[in-house]
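Q: Input: one structure, supplied below.
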Amino acid sequence: MSLSFHINFNGQCEEAFSFYAEHLGGKIGTMLRVNDSPVAALSEAHGETIVHANICIDGVDLAGADVDASVYEKPKGFYVLLGVDSEVNVHTYFEALQREGHVVLAPQRTFWSPCYAIVTDRFSVPWKINYGA
């Protein structure tokens, strides 16, 4: 058995996964476009959207796809928790994820962690970055 996350994107799946590969050290496994699948493309633009993608970040798989703008909803009710091995890494990942995103909590000491941060990235994906426990 395995456990993973699947995130819907508003036409930015490929851009988001490329960003995560570059800034979080992820490795993209699949990047399947509608045009390369059995799904019928509704338009030229729709054919270029991602019907399924996956990326592995430090042994954890994330999956994603682009959904039609009329049904897209920003992720809510969860955070992707990124556990790191140093305060420096909290700051490094936070700096990358906060660019054009929304800072909820800048890196700081908490009662459970020497360095913890919360940010929603420019793709509307919410992240918590934790060093320690």
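Read-outs throughout are calculated quantities, based only on the coordinates presented, and are distinct from any laboratory measurement. Small disclaimer: the values here were computed from a predicted structure and weren't measured.
Q: For residue 7, what residues show an amide H to amide H distance below 5 Å, using hydrogens built from the backbone and excluding near sequence neighbours?
A: Residues meeting the criterion, in which the H sits 1.01 Å from N, are 63, 64, 65.
Q: Sticking with this structure for a sec: Express the Stokes-Einstein translational diffusion coefficient of the chain in µm² s⁻¹, to the nearest whole number, given a Kirkwood radius over alpha-carbon pairs, 10 °C and a viscosity of 1.306 mPa s.
A: For these conditions, the coefficient is 102 µm²/s.
Q: Report the residue, chosen from 37, 113, 70, that carries the largest GNM mean-square fluctuation when the chain is represented by alpha-carbon nodes joined by springs under 10 Å.
A: Looking only at 37, 113, 70, the biggest GNM fluctuation is shown by 70.
Q: Over all distinct Cα pairs, what is the inverse of the mean 1/r for region 80-131, reported as the Kirkwood hydrodynamic radius in Å?
A: Final number for the Kirkwood radius of region 80-131 is 10.5 Å.
Q: Separate question: Straight-line reach only, C-alpha to C-alpha below 17 angstrom: list the aspartates and glutamates that residue 76 could link to, leaving out same-chain residues fewer than 8 apart.
A: Hits, sequence-local ones excluded: 66, 121.
Q: Another one. Taking 0.36 nm per residue of sequence separation and subtracting the Cα-Cα distance, how much length would be gained by fully extending the chain between residue 104 and residue 18, in nm to one decimal?
A: Gain in length upon complete extension: 28.6 nm.
Q: In the Gaussian network model of the chain, springs joining C-alpha atoms below 10 Å, which of 21, 45, 106 carries the largest mean-square fluctuation?
A: 45
Q: On a straight-distance basis, which aspartates and glutamates could pair with residue 27 in a cross-link, Cα separation under 15 angstrom, same-chain partners fewer than 8 positions away excluded?
A: 14, 15, 58, 61
Q: What angle, in degrees between 0 and 90 and rounded to the nearest 10, separates the Cα long axis of helix 87-98 from the longest principal axis of the Cα atoms of the chain?
A: 40
Q: Still on this model: Output wanted: per-residue J couplings in Hz (rounded whole) for region 61-74, from phi through Karplus 6.51 cos²θ - 1.76 cosθ + 1.60, θ = phi - 60°, x for Gly and Pro.
A: Values, residue by residue: 8, 10, 10, x, 6, 8, 10, 4, 4, 6, 10, 5, 10, 4 Hz.
Q: Divide by every residue of the chain the summed helix terms, -39500 (n - 2.57) for each DSSP H run of at least 4, and state the resulting mean residue ellipticity at 222 nm, rounded to the nearest 500 deg cm²/dmol.
A: After summing the helix terms and dividing by the residues of the chain, the value is -6000 deg cm²/dmol.
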